[in-house]
Amino acid sequence: MRHTVSFLRSRFEQAGLAPVTKYGQNFLIDLNLQDLILSSANVDEKDIVLEVGTGTGAITAELAQKAKHVVTVEIDPYLYQMAREEMKEHSNVTMLKQDALHNKNRLHPNVMAAVKKAYNSEPNLRFKLVANLPYNVATPIISNLLTTEIVPDLMSVTIQKELAQKIVAKPTTSQYNALSIWMQALCNCEIIRFMPPSVFWPAPKVDSAILRIQPDPKKRAQIPNLRYFHQLVRALFFHRRKFLRANLLGAFKGILTKSEVDNLMESQGLAGNCRAEELNVGEFIALCEGAIAVAPDFKL
């Protein structure tokens with residue numbers, strides 16, 4: 001069943017329910033855009049797909065017809081039950097009724113255990129994230145999946161337009177931040193389409209975007225210590241308008257002296273009055289390697 005706005009209104013009225021704002025329940029009602037999300041993911045029988053935000057099961061059902069297995073997560077017990085009725089005919093769907101996150105820095109172990117079980121069911125399977133992500137969990141879901149035991153081969157998601165623009169932002173722009181660097185250092189990221197509020201029910205207050213993220217093993221191999229890199233980048237954007245030198249001094253307080261920080265910057269060819277937002281991804285990676293050499297014990 002393709003879930004149009006009339007179908008959704010009817011189902012919610014029958015159940016005596018209404019969409020819950022705190023869970024970010026905005027259902028995609030433009031079927032062409034739903035197809036675009038699915039086509040961007042290029043799902044087939046070799047794919048294990050994770051969906052966060054089952055909703056009423058519209059995208060889940062489409063994924064189940066294409067994928068080897070679908071693990072779908074829904075935090076709302078009423079929507080979970082509604083979608084469960086829709087999924088009765090699909091034996092290749094694992095439904096989880098819970099929060100997809102353990103905390104802001106980690107996906108819930110139950111979610112990744114279900115993915116791992118399906119992924120290890122036979123050799124040469126791929127892992128993908130395909131979802132109309134709730135706005136309130138989009139950033140931790142996308143960023144944390146890059147540090148899990150099984151890293152996705154591809155992510156095709158709908159997220160807030162502003163977040164999508166940050167992920168693909170370039171240096172010196174107002175949207176360029178720690179997330180931009182983290183994502184671009186590990187992945188190839190592409191905005192497929194912007195979407196107005198009218199393509200959702202109920203309509204959110206902001207525009208959205210379909211974002212295609214493809215983790216790149218070659219990019220990943222250039223970063224010797226992912227955890228160190230992630231923490232350093234975050235630390236250098238705590239006060240984005242400060243000079244990079246001041247942020248480095250703050251990050252390495254009690255670890256590096258002022259002269260050692262100056263030597264680190266000089267070794268990377270960085271001017272004393274530059275700011276973190278001026279560095280491109282390659283310069284951040286090089287700075288991280290230089291920092292590891294002189295301060296291997298740094299952590300937030």
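Report whether or not Leu186 is touching a strand residue (DSSP E or B) at 6+ places or on another chain (Cβ under 8 Å), among the aliphatic types (A, V, I, L, M), within 25 Å of Phe298 (Cα to Cα) and at pLDDT 95 or above.
Working: touching a strand residue (DSSP E or B) at 6+ places or on another chain (Cβ under 8 Å): yes; among the aliphatic types (A, V, I, L, M): yes; within 25 Å of Phe298 (Cα to Cα): yes; at pLDDT 95 or above: yes.
For Leu186, the condition - touching a strand residue (DSSP E or B) at 6+ places or on another chain (Cβ under 8 Å), among the aliphatic types (A, V, I, L, M), within 25 Å of Phe298 (Cα to Cα) and at pLDDT 95 or above - is met.
Those residues that are surrounded by fewer than 16 Cβ atoms within 10 Å (Cβ to Cβ) and of a type outside the set (A, V, I, L, M, F, W, C), I need them from the range 166-192; list them, please.
First, the residues of the range 166-192 that are surrounded by fewer than 16 Cβ atoms within 10 Å (Cβ to Cβ): 170, 172-174, 188, 190-191.
If the condition is that a residue be surrounded by fewer than 16 Cβ atoms within 10 Å (Cβ to Cβ) and of a type outside the set (A, V, I, L, M, F, W, C), then Lys170, Thr172, Thr173, Ser174, Asn188, Glu190 are the ones that fit.
With a cut-off of at least 2 residues that are hydroxyl-bearing (Ser, Thr, Tyr), out of contact with any Gly (no Cβ under 8 Å at 6 or more places or on another chain) and in the same structural domain as Ala67 (by TED's automatic domain parsing), name the strands (runs of 3 or more DSSP E) lying wholly within the range 108-212. Outline the logic, then answer.
Numbers: elements: 126-132, 154-160, 187-195.
Once the strands (runs of 3 or more DSSP E) in the range 108-212 are filtered for at least 2 residues that are hydroxyl-bearing (Ser, Thr, Tyr), out of contact with any Gly (no Cβ under 8 Å at 6 or more places or on another chain) and in the same structural domain as Ala67 (by TED's automatic domain parsing), what remains is 154-160.
Does Gln160 fit the bill of being farther than 23 Å from Val73 by Cβ, touching a helix residue (DSSP H, G or I) at 6+ places or on another chain (Cβ under 8 Å) and either at pLDDT below 95 or surrounded by 16 or more Cβ atoms within 10 Å (Cβ to Cβ) (or both)?
Working: farther than 23 Å from Val73 by Cβ: no; touching a helix residue (DSSP H, G or I) at 6+ places or on another chain (Cβ under 8 Å): yes; either at pLDDT below 95 or surrounded by 16 or more Cβ atoms within 10 Å (Cβ to Cβ) (or both): yes.
No, not satisfied.
The rows are residues; the columns are (1) free of Cβ contacts under 8 Å to residues at least 60 places away in the same chain; (2) outside any helix (DSSP H, G or I); (3) surrounded by 14 or more Cβ atoms within 10 Å (Cβ to Cβ); (4) not hydrophobic (A, V, I, L, M, F, W, C).
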{"position": "Ser6", "(1), (2), (3), (4)": "yes, no, no, yes"}
{"position": "Glu13", "(1), (2), (3), (4)": "yes, no, no, yes"}
{"position": "Ser40", "(1), (2), (3), (4)": "no, no, yes, yes"}
{"position": "Asp44", "(1), (2), (3), (4)": "yes, yes, no, yes"}
{"position": "Ile48", "(1), (2), (3), (4)": "no, yes, yes, no"}
{"position": "Thr72", "(1), (2), (3), (4)": "yes, yes, yes, yes"}
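The values are calculated or read from the model by the stated rules, or taken from the named source; none is laboratory data. Quantities reported herein were computed from a predicted structural model and do not represent experimental measurements. Note that each Cβ is placed from the backbone with ideal geometry, even for glycine, and that neighbours are counted across all protein chains shown.
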